[in-house]
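Below is one structure, written out as structure tokens; comments come after it.
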Amino acid sequence: HLNRRNYPNVIPDMYEAVADCLSPVLAHAGNIGCTLMLENIDDTDPATRVDLVRQINHPNLKVSIDTGHVDLAHNNYSAPPVNDFIAAASGVLGHVHLQDVDGYADRHWHPGEGHINWSPLLKALARLEETPRLILEVRRHTDQLPRTVSWLESLL
């Protein structure tokens with residue numbers, strides 16, 4: 001990210017390589033009715049994957065945002081907060097993995113157990129024209145999922 005100005009072709013070359021690699025996969029995905037999701041990991045720029053998906057412009061390729069991954073990148077690499085990632089993905093957002101973290105590790109806690117600011121995140125989702133699939137991606141205490149859903153709904 002920090003060397004983009006030094007190497008102006010790095011992003012276009014990377015996009016071309018990804019498009020070439022995904023071309024046969026996307027053709028097959030289209031044939032079987034499967035949609036591929038490109039998920040963030042340590043992304044610092046919310047537009048990078050979004051621009052890639054828009055450039056490839058295939059109906060079976062969408063963006064997936066993991067709220068915990070965004071928060072880790074926000075805390076460790078000065079990436080924008082998750083509501084900015086959601087806004088940037090408008091029009092190509094297919095999934096949002098809802099999980100909470102403490103800013104240190106990929107905890108997969110229930111939303112509300114960590115320090116993610118959920119109200120702006122949910123407001124960003126409400127402003128989208130599309131309706132991405134929301135996936136509660138928690139590791140433990142699945143018996144608490146109904147309580148977690150109720151808590152999230154209470155923030156709307």
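The values are calculated or read from the model by the stated rules, or taken from the named source; none is laboratory data. Treat the numbers as computed from the prediction; the structure is a model and nothing was measured. Please note: Cβ atoms are built from the backbone with ideal geometry, for glycine as well, and neighbour counts cover all protein chains shown.
Only residues that are β-branched (V, I, T) and not in a loop (DSSP other than H, G, I, E, B) were counted across the range 109-156, and they come to 4. Of the residues N60, N83, N117, the single one that is surrounded by fewer than 17 Cβ atoms within 10 Å (Cβ to Cβ) and touching a residue at least 24 places away in the same chain (Cβ under 8 Å) is N117. Applying the criterion of being loosely packed, with under 11 Cβ neighbours inside 10 Å and either touching a His at 6+ places or on another chain (Cβ under 9 Å) or not in a helix (DSSP H, G or I) (or both) to the residues of the range 5-40, the residue that is modelled with the lowest pLDDT is R5. Scanning the range 96-105 for residues that are surrounded by 15 or more Cβ atoms within 10 Å (Cβ to Cβ) and over 18 Å from A47 (Cβ atoms) gives H97, L98, Q99, D100, V101, D102.
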